[in-house]
1. Taking A:Glu39 as meeting all but one of (1) open to solvent by 80 Å² or more (accessible area, probe 1.4 Å); (2) within 16 Å of ligand 1 (Cβ to nearest atom), write down the number of the exception.
2. Pick from B:His378, B:His390: which is in contact with a helix residue (DSSP H, G or I) (Cβ under 6 Å, 6 or more places away or on another chain), away from chain A (no Cβ under 14 Å), open to solvent by 10 Å² or more (accessible area, probe 1.4 Å) and assigned to a helix (DSSP H, G or I)?
3. I need every pair where a residue in segment B:237-258 that is under 23 Å from B:Gly309 (Cβ atoms) and more than 10 Å from chain A (Cβ to nearest Cβ) has its Cβ under 9 Å from the Cβ of a residue that is open to solvent by 20 Å² or more (accessible area, probe 1.4 Å) and of a type in the set (Lys, Arg), sequence separation at least 6 or different chains.
4. Of everything in segment A:56-83, what is closer than 23 Å to B:Pro345 by Cβ and either open to solvent by 30 Å² or more (accessible area, probe 1.4 Å) or within 11 Å of chain B (Cβ to nearest Cβ) (or both)? Give them in sequence order.
5. Run down A:Gly52, A:Gly65 and say which single residue is in contact with an Asp or Glu (Cβ under 7 Å, 6 or more places away or on another chain) and at positive phi.
6. Return the pairs, sorted by first residue and then second, in which the second residue is in a loop (DSSP other than H, G, I, E, B) and surrounded by fewer than 20 Cβ atoms within 10 Å (Cβ to Cβ), the first residue lies in segment B:261-289 and is assigned by the TED database to the domain that holds B:His134 and of a type in the set (A, V, I, L, M), the beta carbons are less than 6 Å apart, and the residues are 6+ apart or on different chains.
7. Could you please let me know if A:Pro7 is surrounded by fewer than 15 Cβ atoms within 10 Å (Cβ to Cβ), more than 16 Å from ligand 1 (Cβ to nearest atom), more than 14 Å from chain B (Cβ to nearest Cβ) and modelled with pLDDT of 95 or more?
8. Specify which of the listed residues (B:Ala196, B:Ala231, B:Ala249) is over 25 Å from B:Gln23 (Cα atoms) and more than 13 Å from ligand 1 (Cβ to nearest atom).
Amino acid sequence: MLLIHCPYCNETLPEAEFTYAGEAHIVRPPDPSALSDDEWEGFLFIRSNVRGPHYERWRHMHGCGRFFNAVRDTVSDRFLTTYPAGQPRPDLASLTAASEPSK
Amino acid sequence: MTRFSAFSLVRNALTGHKHWTEQWPESQPRAEYDVVIVGAGGHGLGAAYYLAREHGITNVAVIDKGWLGGGNTGRNTTIIRSNYLYDESARLFDHAVDLWENLSQELNYNVMYSRRGVLMLAHNVHDVQSFKRHIHSNRLNGVDNRWLTTQECKDYCPPLNISPDARYPVMGGALQERAGTARHDAVAWGYARAAAARGVDIIQNCPVTAIRRNPDGSVAGVETAKGFIKAKKVAVSAAGNTSVVMDSAGVRLPLESYPLQALVSEPVKSCFPCVVMSNAVHAYISQSDKGELVIGSGTDQYTSYSQRGGLPLIEHTIAAITEVFPIFNRMRMLRKWGGIVDVTPDRSAILGKTPVKGLYVNCGWGTGGFKATPGAAHVLAWTVAKDEPHPINAPFTLDRFRTGRLIDEAAAAAVAH
Ligand SMILES: Cc1cc2nc3c(=O)[nH]c(=O)nc-3n(C[C@H](O)[C@H](O)[C@H](O)COP(=O)(O)OP(=O)(O)OC[C@H]3O[C@@H](n4cnc5c(N)ncnc54)[C@H](O)[C@@H]3O)c2cc1C
Ligand SMILES: [Zn+2]
């Protein structure tokens with residue numbers, strides 16, 4: 001079971017308290033009716049599905065109930081960081097240097 | 001390569017089994033091929049076999065980063081059925097079941113296809129309504145599937161707990177009698193042996209690191225751990241790793257890769273006659289010919305390439321199994337493992353051409369592509385050979401996520417399948 005740090009509660013808790021909510025930083029189209037079919041496809045369906053550090057959303061379902069973002073290495077499943085929703089993407093270079101994720 | 005027959009078995013038994021020849025040679029890559037297939041799972045190996053057998057294309061290499069059949073083909077719970085809701089899916093999976101029926105004879109290799117029947121349990125009103133809808137739709141498509149009452153379920157599968165106060169009451173079930181299981185490894189080995197016998201090179205322990213394209217955009221070949229290999233056509237059949245491979249060709253896909261787990265018990269005497277699936281409680285079970293109970297679990301909630309999976313899912317699955325089949329609650333489990341499954345938004349496969357000329361993709365089989373192996377391989381070979389889809393895979397385009405013409409088995413089943 002993963003241990004996940006909620007940036008609001010500031011506690012590291014078992015995965016069972018959280019629900020995964022997909023890739024992070026996918027911005028809703030400001031003017032949906034102006035979107036082409038290609039753009040809709042990209043927004044709705046295309047995902048980076050990276051092998052390595054992945055920006056993703058989690059929700060502290062059985063705790064504070066709030067959404068936050070995380071960077072997790074999808075090969076080791078190790079979390080590099082978690083941060084409140086709305087904050088910009090943390091820089092990958094600084095994260096990977098700090099925690100040396102296992103490959 | 002020795003042809004298997006009663007005669008060759010007896011002769012080799014009498015000579016101490018010292019004269020069996022290898023089933024396929026250890027190939028090293030040549031500089032150039034007509035077709036390179038990335039991924040030596042059942043789908044990739046099968047496609048190589050059908051390319052050689054049906055289309056006379058034998059200058060083919062199947063390249064795998066590990067050992068052949070070591071991906072999801074060798075990790076799955078081997079449930080084979082074709083009772084999917086939509087016309088497109090029913091045609092595709094029923095095509096596969098047609099091929100399964102004669103596969104051992106065709107390959108001269110016992111894939112142990114066993115038509116032992118797959119029973120899907122209904123535990124609530126939603127299940128009853130949805131299964132009956134599937135049954136009607138299947139019948140219109142000529143796919144066998146019929147409704148069993150609670151008592152008929154018990155008669156078909158005696159270990160089942162149908163007591164009215166059970167935690168998961170059985171309100172009936174949908175039975176496909178033509179469905180069943182096959183020996184997963186044998187499917188990979190049988191296709192590998194038959195393809196190699198027709199001249200296909202099978203190259204193991206050789207990761208494909210990138211797909212290279214020509215200046216005009218068309219496919220040029222693949223970069224591998226053993227150097228560049230030129231190819232006129234490249235077909236990617238890499239299951240959970242498809243996004244990574246296709247990214248290198250500049251093709252982004254609507255896929256997410258999740259761990260899916262399974263486990264087996266210690267072997268016991270034959271006690272479980274069929275396959276039972278319980279979608280509502282996420283438990284799938286059958287008994288292998290060795291006697292182990294083979295139990296399938298669900299996918300983790302998060303994407304991952306770790307090939308492990310979390311323990312909470314195993315706990316949930318075992319809790320459900322022991323409720324539905326109380327006779328198993330003292331059974332000891334031997335081992336569990338995970339595979340990485342590539343899931344599409346509509347839970348249907350993507351099988352066909354890509355925007356890159358000469359590049360083909362077969363992916364998105366997610367939690368349920370073993371059953372499709374012969375069918376998918378057969379139409380993939382057709383698509384590569386003719387540079388156009390077979391009518392059966394024509395609807396399974398990558399383009400459908402742009403046009404909106406989805407094949408929404410996800411909404412139809414609302415669970416893993
Ligand atoms: C636990 C579990 C249970 C399942 N149960 C069922 C079931 O009961 N019924 C059912 O129908 N389906 C089931 N499935 C799904 C099924 O296993 C798959 O859909 C199917 O086996 C996919 O076959 P494949 O040949 O496409 O993929 P695989 O067998 O995974 O083959 C893909 C190959 O590509 C190789 N590869 C990947 N990247 C590269 C690279 N860069 N270079 C070279 N090679 C590469 C891999 O090593 C692998 O061998 C299950 C899956 C799992 C994990
Ligand atoms: Zn919290």
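The values are calculated or read from the model by the stated rules, or taken from the named source; none is laboratory data. Just so it is clear, the model here is predicted, and its values are computed rather than measured. Cβ sites come from the backbone with ideal geometry, for glycine too, and all protein chains shown count toward neighbours. For the accessible areas, the whole protein counts, side chains as well, though only heavy atoms, and no ligand, DNA or RNA atoms are used. Shrake-Rupley method; radii C 1.70, N 1.55, O 1.52, S 1.80 Å.
1. Evaluating A:Glu39 over (1) open to solvent by 80 Å² or more (accessible area, probe 1.4 Å); (2) within 16 Å of ligand 1 (Cβ to nearest atom) leaves (2) as the failure.
2. Values: B:His390 fails: assigned to a helix (DSSP H, G or I).
Of the residues listed, the single one that is in contact with a helix residue (DSSP H, G or I) (Cβ under 6 Å, 6 or more places away or on another chain), away from chain A (no Cβ under 14 Å), open to solvent by 10 Å² or more (accessible area, probe 1.4 Å) and assigned to a helix (DSSP H, G or I) is B:His378.
3. The qualifying pairs are B:Ala238/B:Lys65.
4. Taking segment A:56-83 first, the residues closer than 23 Å to B:Pro345 by Cβ are A:56-59, A:61, A:67, A:69-70, A:72, A:74.
Listed by number, the residues that qualify are A:Glu56, A:Arg57, A:Trp58, A:Arg59, A:Met61, A:Phe67, A:Ala70, A:Arg72, A:Thr74.
5. Details: A:Gly65 fails: in contact with an Asp or Glu (Cβ under 7 Å, 6 or more places away or on another chain).
On inspection, the qualifying residue turns out to be A:Gly52.
6. Partner pairs satisfying both residue conditions: B:Val264/B:Glu292; B:Val268/B:Gly291; B:Val281/B:Tyr168.
7. Details: surrounded by fewer than 15 Cβ atoms within 10 Å (Cβ to Cβ): no; more than 16 Å from ligand 1 (Cβ to nearest atom): yes; more than 14 Å from chain B (Cβ to nearest Cβ): yes; modelled with pLDDT of 95 or more: yes.
Judged against the criteria, A:Pro7 is not a match.
8. Numbers: B:Ala196 fails: over 25 Å from B:Gln23 (Cα atoms); B:Ala249 fails: more than 13 Å from ligand 1 (Cβ to nearest atom).
The match here is B:Ala231.
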